[in-house]
1. First measure r as the distance between the Cβ atoms of Leu161 and Asn59, then evaluate 1/(1 + (r/R0)^6) with R0 = 41 Å and state the FRET efficiency to the nearest 0.05.
2. With θ taken as phi - 60° and the coefficients 6.51, -1.76 and 1.60, list the Karplus ³J(HN,Hα) couplings across the stretch 104-120 in order, rounded to whole Hz; mark glycine and proline as x.
3. Using mean Cβ contacts within 10 Å as the protection proxy, how do 66-79, 47-60 order, highest first?
Amino acid sequence: MKASKSGTVFPVVFGLLLISAGVVFLLDNLNVIALNWQALIGPLFVVGGLIFLLVFILNTDDWWALIPAMALISLGLTVFMEQEDFANEWTGAVFLGMLGLSFWLIYAFHPLHWWAVIPGGVLFTLAAVSMLAEGGDLSGGVFFLGMALTFGLVFLLPNPLGKLTWALYPAGILFLIGALVLLGTTSLIGFVWPVALLVAGGAVLIHALRK
């Protein structure tokens, strides 16, 4: 059986990186060179992410590689941003946003994996919430509306399975809660457990119906 490109390139590149790292560490221990770990940690994360990204580029069927790729690249960027004294809300938004982007890319290349829209939307929503200076009703309202939009996209976006009409129910409920929270007519905390129970019950029901 012929090996895939990623199956051949990834171990070769990874092996070369391990050898290179071993040489660098040996030279550092022999005091031939002096490593500045504070300056190196960010680029090392980015290089690791680019390796996983290369795995995906060589074979888009390896969609799983997008998740560690974006996670490691975003970690490298956040390390750089913290060293340059960027605001904390920006570092959190960059990490969550890029991690969310990995799931959107999974859906873009493989529409059959429609489920990726949900973590992608949740992470984008959390990225938006993390950038809000105010807390309370505003953050809560944006969170619920973002979740409503996520399930709305699950229904609207094309996928090989056809329209997923069940997604309209959590979308409607979450939109109503978000609107009420933004209008200040209700307390956010009162909806935490009910929404959690609705989501959990819906997940159990969908799993049972599929069986």
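1. Details: r = 24 Å, r/R0 = 0.59.
After rounding, the FRET efficiency stands at 0.95.
2. 5, 5, 4, 5, 4, 8, 9, x, 4, 8, 4, 4, 5, 4, 5, x, x
3. Details: 66-79: 20.9, 47-60: 18.4.
Packing order, densest peptide first, comes out as 66-79, 47-60.
Taken together, the values in this text are just the output of simple stated rules run on the coordinates, not laboratory data. These figures come from a predicted structure and were not determined experimentally. No Cβ is skipped: glycine too gets one built from the backbone with ideal geometry, and neighbour counts run over all protein chains shown.
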